[in-house]
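The values are calculated or read from the model by the stated rules, or taken from the named source; none is laboratory data. What you see is a predicted model; the values in this text were computed from it and never measured. Note that we place each Cβ from the backbone using ideal geometry, even for glycine, and neighbour counts take in every protein chain shown. These accessible areas exclude ligands, DNA and RNA; they are computed on the full protein's heavy atoms, side chains included. Shrake-Rupley method; radii C 1.70, N 1.55, O 1.52, S 1.80 Å.
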Amino acid sequence: MSHVRLIDIDKYYGSYHALKSVNLTVDKGEFIVMVGPSGCGKSTTLKSIAGLEAISSGEIWINGRNVTREEPGDRGIAMVFQSYALYPHMTVAENMGFGLKMAKRPQAEIDVAVKRAAEILRITDQLDKRPKELSGGQRQRVAIGRAITRSPEVFLFDEPLSNLDAALRTQMRVELTTLHQQLGSTMIYVTHDQVEAMTMASRIVVFNKGVIEQQGAPLELYHNPVNQFVAGFLGAPRINFVAATLVNLRDGVAEVALEGASTVHVPVADTAGLTNGAKLTLGVRPEALKIGDVPDAALSFDAQVRLVEQLGRETVLYVDAGPLAAIGSESGTHNFTVQLGTAAPYAAGQSIKVSARAADLYLFAPDGKAVNRPKLIAASL
Ligand SMILES: Nc1ncnc2c1ncn2[C@@H]1O[C@H](COP(=O)(O)OP(=O)(O)O)[C@@H](O)[C@H]1O
Ligand SMILES: [Mg+2]
């Protein structure tokens, strides 16, 4: 049975259409991660589930109950925000027990719940402190603890780790995943962090402009994005895009012309609606680009190294391919990004040859939809 269900949710802020016919079904125990650009409606979706925002139309069901018109406190959810929102004058224990106290539970029950949550989060020795005596990570644990004490049906997290430094974020990420395994609760988690999304989610939901673009297992979305938006959103460094013109379509192979490179043959499955001359976009992920000659290379071009980032266990190159210009990212660069899985001694100014295999090439139609690739190739990824 679905645990949380959003049915045709629309949300207007005045005349602004923030959520457009959102449908989402979450099973019990799932860890759903919502991602998308700033302003796409992630927080609005969470607040709608929590009952902190009234939706304009549609229904919200939690655990088999239509909660659309229920108060937040009656919905069986607990929400953790980016800002910890702890009460400064209360101790950690009082902060964690506050929800139960408001619900007028007996003190003995509150004490047991707080003790248990503190043990899970390993903050038992902090219970008598005030928030200002705690580090950022400890404060966030208290905020999570406050959610745990209420034994909610569903946990909602809105970018809970964004205020923490990188090392602590990594640690808390692992702790939250462990917490999910321990509690087995349903969790819906919003983040803008690629690594959190890919590693924590049982299912990723990609939002854009108030619409769900795609949802599925992290690697499924990564390898088989349904459109150019999802391909461009998931993956860091970002996928390279280049303009391509369809010159021939035959026997499951699309032949496309790129400016400043030889034509490229891309295996395709469903080519409905594509005609010669169509303006397509070719996509290739940075880690799929190889340096030098690759056997069976479908794409290959000469380039000059502009910038090298040595990251220890990997090397990222930004290369200029002359007339074959990558379609500019937000930073407006036309360079291709190449990601090598090793330390590699490249230097700015060096001339190199860059190649990719056909199986690593994506094609997108003029409307942004992915041109389906043959199943055989998808499976070999
Ligand atoms: N209370 C509000 N009043 C008016 N507009 C809002 C309000 N809250 C959010 N919005 C707008 O709705 C859109 C979605 O916001 P939000 O859900 O917070 O996005 P996200 O969390 O994905 O960054 C944004 O364009 C935002 O400006
Ligand atoms: Mg938000």
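Taking the criterion of being of a type outside the set (A, V, I, L, M) and within 36 Å of the chain's Cα centre (by Cα), the residues of region 101-131 that qualify are 101, 115, 116, 119, 122, 124, 125, 126, 129, 130, 131.
Quick one: in region 208-233, which of the residues that are of a type in the set (A, V, I, L, M) and open to solvent by 40 Å² or more (accessible area, probe 1.4 Å) is farthest from ligand 2 (Cβ to nearest atom)?
Within region 208-233, the first condition is being of a type in the set (A, V, I, L, M), and the residues that meet it are 211-212, 217, 219, 221, 226, 230-231.
With open to solvent by 40 Å² or more (accessible area, probe 1.4 Å) added as a condition, the list becomes 211, 217, 219, 226.
Numbers: 211: 16, 217: 24, 219: 25, 226: 24 Å.
Looking at the filtered set, the residue picked out is 219.
For region 33-59, the set of residues classified as on the phi < 0 side of the Ramachandran plot, more than 9 Å from ligand 1 (Cβ to nearest atom) and surrounded by fewer than 22 Cβ atoms within 10 Å (Cβ to Cβ) consists of 50, 52, 54, 56, 57, 59, listed by residue number. Inclusion of residue 111 among residues that are more than 23 Å from residue 187 (Cα to Cα) and part of a helix (DSSP H, G or I) is warranted. Within region 311-342, the set of residues being surrounded by fewer than 12 Cβ atoms within 10 Å (Cβ to Cβ) and either in contact (Cβ under 8 Å) with a residue 12 or more places away in the chain or of a type in the set (A, V, I, L, M) (or both) comprises 311, 312, 313, 323, 341, 342.
Would you be able to say whether some residue in region 268-276 is of a type outside the set (Ser, Thr, Tyr) and in a strand (DSSP E or B)?
Our first condition is that a residue be of a type outside the set (Ser, Thr, Tyr); within region 268-276, this holds for 268-270, 272-274, 276.
Filter again for in a strand (DSSP E or B), leaving none.
No: zero hits.
Beta carbons closer than 7 Å, at least 6 apart along the sequence or on distinct chains, pair a first residue in region 112-127 that is free of Cβ contacts under 8 Å to residues at least 12 places away in the same chain with a second that is crowded, with 22+ Cβ neighbours inside 10 Å for 124/118.
Evaluating residue 196 against the criteria (1) under 11 Å from the mean Cα position of the chain (by Cα); (2) away from ligand 1 (no atom under 16 Å from the Cβ) leaves one unmet condition, (2).
Summed over region 277-297, residues that are over 19 Å from residue 247 (Cβ atoms) and either assigned to a loop (DSSP other than H, G, I, E, B) or open to solvent by less than 20 Å² (accessible area, probe 1.4 Å) (or both) total 9.
Quick check on region 163-173. Is at least one of its residues more than 27 Å from residue 5 (Cβ to Cβ) and within 16 Å of ligand 2 (Cβ to nearest atom)? Don't jump to the end; show me each part of the working.
Narrowing region 163-173 to residues more than 27 Å from residue 5 (Cβ to Cβ): 163-173.
Remaining after also requiring within 16 Å of ligand 2 (Cβ to nearest atom): 163.
So far as region 163-173 goes, yes, one or more of its residues are more than 27 Å from residue 5 (Cβ to Cβ) and within 16 Å of ligand 2 (Cβ to nearest atom).
Could you check region 313-343 and list, in sequence order, the residues that are of a type in the set (Val, Ile, Thr) and in a loop (DSSP other than H, G, I, E, B)? Listed by number, the residues that qualify are 327, 333, 342.
Among the residues of region 344-363, is there at least one that is among the polar types (S, T, N, Q), open to solvent by 50 Å² or more (accessible area, probe 1.4 Å) and in a loop (DSSP other than H, G, I, E, B)? Explain how you work it out, then say what you get.
Taking region 344-363 first, the residues among the polar types (S, T, N, Q) are 350-351, 355.
Those still in the list that are open to solvent by 50 Å² or more (accessible area, probe 1.4 Å) too: 350-351.
Among the residues that remain, those that are also in a loop (DSSP other than H, G, I, E, B) are: 350.
Yes, the conditions are met somewhere in region 344-363.
The set of residues in region 174-207 that are closer than 26 Å to residue 225 by Cα, touching a strand residue (DSSP E or B) at 6+ places or on another chain (Cβ under 7 Å) and away from ligand 2 (no atom under 15 Å from the Cβ) comprises 186, 187, 200, 201, 202, 203, 204.
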